[in-house]
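Everything on this sheet refers to the single structure shown next.
The values are calculated or read from the model by the stated rules, or taken from the named source; none is laboratory data. These numbers were taken from a predicted model, which means no experiment stands behind them. Note that each Cβ is placed from the backbone with ideal geometry, even for glycine, and that neighbours are counted across all protein chains shown.
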2 protein chains.
Amino acid sequence: MASSTSTGVGSPCGACKFLRRRCTQECVFAPYFDSEQSPAQFAAIHKVFGASNVSKLLAQLPVHLRCDAVVTVAYEAQARIRDPVYGCVAHIFALQKQVAILQAQLMQVKAQLAYQATLPQAANGGSDGDRVLMQLQVMGCKEEPHHHFGELHAMAQRLMRS
Amino acid sequence: MASSTSTGVGSPCGACKFLRRRCTQECVFAPYFDSEQSPAQFAAIHKVFGASNVSKLLAQLPVHLRCDAVVTVAYEAQARIRDPVYGCVAHIFALQKQVAILQAQLMQVKAQLAYQATLPQAANGGSDGDRVLMQLQVMGCKEEPHHHFGELHAMAQRLMRS
């Protein structure tokens, strides 16, 4: 039961409390889930991954790496609860989009810098910079949205074909 | 058994073949896992998430969103098999680091552009650009590695405290 550990002293860990099972001294979850607030956090992990799968995952890792694994598993679980379709992959898509926008901006500003360096001082004004940006936009270096849904469907098609 | 569907015609889907169970016409996995190559792909999903959890996840989604969910779950599962500690969160950290580097580069080049615009033409050379970059580096705008492990341990500490 959740009301005691195997030694009869103290509370079960948050995972065992949620699972309503006896918490032993060898419990792989105990160092990472306390009795008071962690049962709710563990609930997301159990719903998405299953306690048994996470237990096996942790058991195969050296002790010093388990805390990082718990944190990343908890993050993925919470993301999947919030967004059942994309989970934390939504965060990856958002970051990929941000990288693409920053790369385009950097290329624009570098081109503007190179162009400005070639101008006589009198022409070194904002309007030339604007002209370079316009040229870059004509060349296709615009801040287009990153169409990750297209990529996703390509992935899906590969998955279903293979 | 895996040798036939409920109708006795055709093969079971890749998920049911892996799970060695009867594949019915209502099987939630059948549209996304074929019989030939998908059992191996489903194995990773089953190992990380459990077939039952993924089945419940898909069943709660409208049909038109299930393919995207299967693709993202498959991606997360494969990432966790490859990297049991960080899974696909390693990709998030790498992208966050890339964003931080690009933001620093963009800030440097924008500052260089602004500085160059204020210079007399004769001084508008590479050595001034280098001086600006040096000034920015002195100001702390260097391309430092993004210490995600520090962030992760902060997350872990919050998780364990809460």
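Things worth noting here:
- Matching helices (runs of 4 or more DSSP H) fully within segment B:1-98 where at least 1 residues are in contact with a Pro (Cβ under 7 Å, 6 or more places away or on another chain), in contact (Cβ under 8 Å) with a residue 12 or more places away in the chain and of a type in the set (Gly, Ala, Ser): B:14-19, B:63-82
- Each residue in segment A:56-82 was checked for being surrounded by fewer than 16 Cβ atoms within 10 Å (Cβ to Cβ) and touching a Phe, Trp or Tyr at 6+ places or on another chain (Cβ under 8 Å), and 0 of them qualify.
- Qualifying residue in segment A:109-124 (condition: modelled with pLDDT of 90 or more and in contact with a His (Cβ under 6 Å, 6 or more places away or on another chain)): no
- Every residue from segment A:57-72 that is at the interface with chain B (Cβ under 9 Å from one of its Cβ atoms) and over 11 Å from B:PRO84 (Cα atoms): A:CYS67, A:VAL71
- Residue list for segment B:83-121, filter: more than 7 Å from chain A (Cβ to nearest Cβ), within 14 Å of A:GLN98 (Cα to Cα) and within 14 Å of the chain's Cα centre (by Cα): B:PHE93, B:ALA94, B:LYS97
- Sole exception among (1) more than 29 Å from B:ALA44 (Cα to Cα); (2) at the interface with chain B (Cβ under 7 Å from one of its Cβ atoms); (3) touching an Asp or Glu at 6+ places or on another chain (Cβ under 8 Å) for A:GLU76, by number: (1)
- For A:HIS91, the conditions (1) closer than 16 Å to B:CYS88 by Cα; (2) crowded, with 21+ Cβ neighbours inside 10 Å are fulfilled apart from (2).
- Every residue from segment A:28-55 that is crowded, with 22+ Cβ neighbours inside 10 Å and more than 9 Å from chain B (Cβ to nearest Cβ): A:PHE29, A:PHE42, A:ILE45, A:VAL54
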